[in-house]
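Report on the structure given below.
What follows is calculated from the coordinates using simple rules that are stated; it is not laboratory data. The structure presented is a predicted model; accordingly, all values stated were derived computationally and were not measured. When we count neighbours, we look across all protein chains shown, and the Cβ atoms used for this are built from the backbone with ideal geometry, even at glycine.
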Amino acid sequence: MASFSTLNTLADALVHFEIVENTDSIFPPISNLHEVSAELVKEINFNIKEMPYNASEASLCEMVIFPILKSVWINFISKLLLWSHQSLGKNAEISGIPDYIIAKRSPYGRVLDVPFLVMIAAKKDDFDEGWGQCLAQMVTAQSLNKDTEKIYGIVTNGTLWEFGQLEVHTFTKHSESYSLQDLNTLYNVLYYLLELCEKRVDSIAN
């Protein structure tokens, strides 16, 4: 069984899984309909100013990525579950642990159900390697879904956030990236993606 980390670039993952790459918009222009809480702004500003958030991947996840993801996810808590460092690959061709997963909330409690979105932190700001590993995770998540369903991926170094989508055998990297400096827009992009995940839960229920 191979590991996510053996796919060192996006090209490696595309060739390995025989996936076609596309560059386009995976979602429309996002309106800032949802306001970021003052508490989140204060926490992120404090962590960036006072703490060594970029000292390691673990500190980046804990001090920057997780607070933002959690603040969005709590709006969807009844239908979605946010997982941290949970393996997807026990029964898949590729093994590995994404940094975060957004999945359907299971009726059995804290049990991993259908995953819709996977996310990893870009090690040493290497987004190409990050997307190679993220695409492998997306393929694994797709294998746990219906193969025709869309799976979303995020790669970030905390400051810059990039988004992608896997649909059948086509990977589309969103044409625009988003900056932590514009936290309000980033928050609303994440909110929109979780709305899409919530609609998937509703479609499964129906």
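One table, with the values for the structure above:
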| read-out | value |
| --- | --- |
| Residues listed by number, the stretch 111-155, amide nitrogen under 18 Å from E176 label point at 7 Å toward C-beta | 153-155 |
| Amide H within-cut-off set for S177, under 5 Å, with H built and near neighbours excluded | none |
| Residue-by-residue Karplus 3J(HN,Hα) for the stretch 11-17, coefficients 6.51, -1.76, 1.60, Hz, glycine and proline x | 4, 4, 5, 4, 5, 4, 9 |
| Cβ-based charge dipole, the chain, positive-most Cα from S179, I19, V189 | V189 |
| Kirkwood Rh, angstrom, the stretch 15-94 [1 / mean 1/r, Cα pairs] | 16.2 |
| Estimated 222 nm signal from helices in the chain, with DSSP H stretches of n ≥ 4 weighted -39500 (n - 2.57), rounded to 500 | -11000 deg cm²/dmol |
| Under-5 Å amide H pairs with V114, H placed in peptide plane, nonlocal only | K104 |
| Mean shadow area of the stretch 2-205, taken as a quarter of the surface of its Cα convex hull (nm²) | 10.8 |
| Separation of alpha-carbon centers, the stretch 156-206 and the stretch 102-125, rounded to whole Å | 13 |
| Tensor-based shape of the stretch 8-53 (alpha-carbon gyration tensor, a/c under 1.5 rounded, otherwise prolate or oblate) | oblate |
| J(HN,Hα) series, the stretch 115-126, from Karplus relation 6.51 cos²θ - 1.76 cosθ + 1.60, nearest Hz, glycine and proline x | x, 10, 9, 10, 9, 9, 8, 6, 6, 6, 6, 8 |
| T9/I77 FRET efficiency (R0 45 Å; Cβ-Cβ; nearest 0.05) | 0.80 |
| Cβ charges +1 (Lys, Arg) and -1 (Asp, Glu), total dipole of the stretch 2-205, debye | 660 |
